[in-house]
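The values are calculated or read from the model by the stated rules, or taken from the named source; none is laboratory data. Because the structure is a prediction, the values reported are computed rather than measured. Don't worry about glycine lacking a Cβ; one is built from the backbone with ideal geometry, like all the others, and counts go over all protein chains shown.
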């Protein structure tokens, strides 16, 4: 008799396959999770190792172990940065004022990066992407005063009140913080997310956070356009006082008189509205100044009228703008504040990407219309290349700034400005202007200050000085002691961030100005 063979039926085989598939579905994520966790732990260990290696490198090369407020690059060939026999691809170490390490490292070959924040127990590991693995040091949060409303501005120009508990700006993505002043009838009515109509807005302002920058031309040479290396810092951090190329200098614009600032609010557009005839001294209380797009800028005013009108926006007797006079200060932009805005623009937070920078487009509107008539589509004229930046800094109207060379007789220069030695006070407080040494030579570019975007940013020297991007440059002298910045719509290629020219401060058909707010 032939014995029958026993085996698996088709149904039994299918059942086994299904069971194995279920086991695989359960087991695979667990196994993958174990592998990924092991990888991440390895990355974390490496990240911690790089922090310690960075400390050792800094102490060895710079002779101390005080890392507060310091930033330095890891050279890829450093022996100190060998971990387990391998060299780290590169990176940087920032240290906050609390003394906690902030780390961003990358290794293109292994395709990873790790960031170590203020919490020493946490290291974040993520996939490396070109240009995405950065130091997580952040810009100072905007300091909002009473009457200032934080906003977001959509690409179509829609303005909404921002919820400051969420992300409403991102300097790493070239999205600068904006705020507005509004008319008194609606000042306290807007809730987060509400649209603020254009007709209710009195002024747009953009936050320039406090930073230090790496000096690149302290020896008064002509240098080509380049990205300016900027590191954001807090006012509680010890100021960087570099004086030679390669060292850091806290930008002077963030010291206002005896006060250290976390940043400044700069008018998003040239000043608009009007100045009353009574604005000739500190008793001016105009409520007619605005900072708005798509309208004609204020021009044909002497400097003293511009200055007093701007100051009046935050005096006790003027509540038109909602600014509390005891905490807020409005003033006409200084030459150094122009420089601070220009340098942030000339950085990775503005018009530069991976070391390549682009020039701001010119406002070529010959009627001096702010934003060239439609700032929503003219974003190339912005300091960021998008709608969150500052406009009209190239072309439009010339902009008077509070900066001049000394008079041969007086420390303050009166000239045609409207200020007089018989006024009370005789001249503004020294914190409101930048004072340059007297010199009759038009080529004495060495009188410029570090940070003011004059001498450091000259491309060529001599009788035909040219600023970066071939912007025109003519340093003030005895024929015209006051600075004009930016050029006009008629200057073409020579207009720009690095344009400066002389003037005696009197009424000028092409001359406007810009408002700055500090707290």
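Residues considered: 390, 369. Of these, the only one that is more than 16 Å from residue 153 (Cα to Cα), modelled with pLDDT of 95 or more and crowded, with 18+ Cβ neighbours inside 10 Å is 369. The single residue among 114, 137 that is assigned to a strand (DSSP E or B), modelled with pLDDT under 55 and not assigned by TED's automatic domain parsing to the domain that holds residue 211 turns out to be 114.
Would you confirm, using the coordinates I've provided, whether residue 301 is out of contact with any strand residue (DSSP E or B) (no Cβ under 7 Å at 6 or more places or on another chain), surrounded by 18 or more Cβ atoms within 10 Å (Cβ to Cβ), in contact (Cβ under 8 Å) with a residue 40 or more places away in the chain and in a loop (DSSP other than H, G, I, E, B)? Criteria met by residue 301. Assessment of segment 457-464 against the conditions (crowded, with 19+ Cβ neighbours inside 10 Å and within 21 Å of residue 512 (Cα to Cα)) yields no matching residue. Could you tell me which residue of segment 171-196 is surrounded by the fewest Cβ atoms within 10 Å (Cβ to Cβ), considering only residues that are free of Cβ contacts under 8 Å to residues at least 60 places away in the same chain, more than 27 Å from the chain's Cα centre (by Cα) and not in a loop (DSSP other than H, G, I, E, B)? Here the answer is 185.
One line per residue, one yes/no per condition, for (1) at pLDDT below 95; (2) touching a helix residue (DSSP H, G or I) at 6+ places or on another chain (Cβ under 8 Å); (3) assigned by TED's automatic domain parsing to the domain that holds residue 432:
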residue	(1), (2), (3)
347	no, no, yes
363	no, yes, yes
377	no, no, yes
383	no, yes, yes
406	yes, no, yes
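Considering only segment 276-294, how many residues are assigned to a loop (DSSP other than H, G, I, E, B), modelled with pLDDT of 90 or more and within 13 Å of residue 312 (Cβ to Cβ)?
Within segment 276-294, residues that are assigned to a loop (DSSP other than H, G, I, E, B), modelled with pLDDT of 90 or more and within 13 Å of residue 312 (Cβ to Cβ) number 0.
Looking across segment 226-247, the residues that are modelled with pLDDT under 95 and under 19 Å from residue 350 (Cβ atoms) come down to 229, 230, 231, 232, 233. Across segment 197-232, the number of residues qualifying as in a loop (DSSP other than H, G, I, E, B), more than 18 Å from residue 178 (Cβ to Cβ) and under 12 Å from the mean Cα position of the chain (by Cα) comes to 2.
In segment 252-269, of all residues being crowded, with 23+ Cβ neighbours inside 10 Å and touching a strand residue (DSSP E or B) at 6+ places or on another chain (Cβ under 6 Å), the one that is nearest to residue 397 (Cα to Cα) corresponds to 269.
Selection of segment 258-275 for residues being out of contact with any helix residue (DSSP H, G or I) (no Cβ under 6 Å at 6 or more places or on another chain) and in a loop (DSSP other than H, G, I, E, B) yields 258, 262, 268, 271, 274. Checking each residue of segment 120-131 against the condition of being in a strand (DSSP E or B), modelled with pLDDT of 50 or more and crowded, with 20+ Cβ neighbours inside 10 Å gives no match. When the residues of segment 431-447 are filtered to those that are closer than 22 Å to residue 459 by Cβ and surrounded by fewer than 16 Cβ atoms within 10 Å (Cβ to Cβ), which remaining residue is modelled with the lowest pLDDT? Top of the filtered list is 443. Please give the number of the condition residue 149 fails out of (1) more than 26 Å from residue 259 (Cβ to Cβ); (2) modelled with pLDDT of 95 or more; (3) outside the structural domain of residue 457 (by TED's automatic domain parsing). Here residue 149 clears every test but (1). Put simply, of 221, 212, 241 the only residue that is surrounded by fewer than 17 Cβ atoms within 10 Å (Cβ to Cβ), in contact (Cβ under 8 Å) with a residue 12 or more places away in the chain and touching a strand residue (DSSP E or B) at 6+ places or on another chain (Cβ under 9 Å) is 221.
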